[in-house]
1. Starting from 0.36 nm per residue, how many nanometres of slack lie between Ser90 and Asp20 once their C-alpha separation is accounted for?
2. Return, ordered by residue number, the residues of segment 66-91 whose backbone nitrogen is under 14 Å from a label point located 7 Å along Cα→Cβ of Gln32.
3. Label-point separation (nm) for Glu63 and Leu98, each offset 7 Å from Cα along Cα-to-Cβ?
Amino acid sequence: MPDDDVHHSHDKLFKVGFSDLANAAAMTLAQQYRQEGLEKGLERGRQEDVIEALEIRFGDVPEDLKRAVFAVSGEAELRRFLRAAIQVDSVEKFSEFL
């Protein structure tokens, strides 16, 4: 095999290998972004659940209280807030959880 053919084959293999590696890295990054998006969406849904529970029970919820709920993050914390929204006697009592 001539020397040029060896270099050409090596270059071709390198490009294919690099392309596969780049595609795998891009896919992993895309999966990471997708997972983060899902988590943010679930968190937003839980925040909205808290506000909806308050609205069902007490009617209008003050905007500042809504903003405070939307500032809360974390599944455990939002579950605690949802339970509180279901159990408290008033919006004012719920505000004490914030």
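Read-outs: derived from the displayed coordinates by stated rules, not from any lab. Remember, it's a predicted structure, so these values are computed and weren't measured experimentally. Every residue, glycine as well, gets a Cβ built from its backbone with ideal geometry; the counts of neighbours run over all protein chains shown.
1. Working: separation 70, 0.36 × 70 = 25.20 nm, distance 5.83 nm.
Fully extending the segment from Ser90 to Asp20 adds 19.4 nm.
2. No residues fall inside that zone.
3. 1.3
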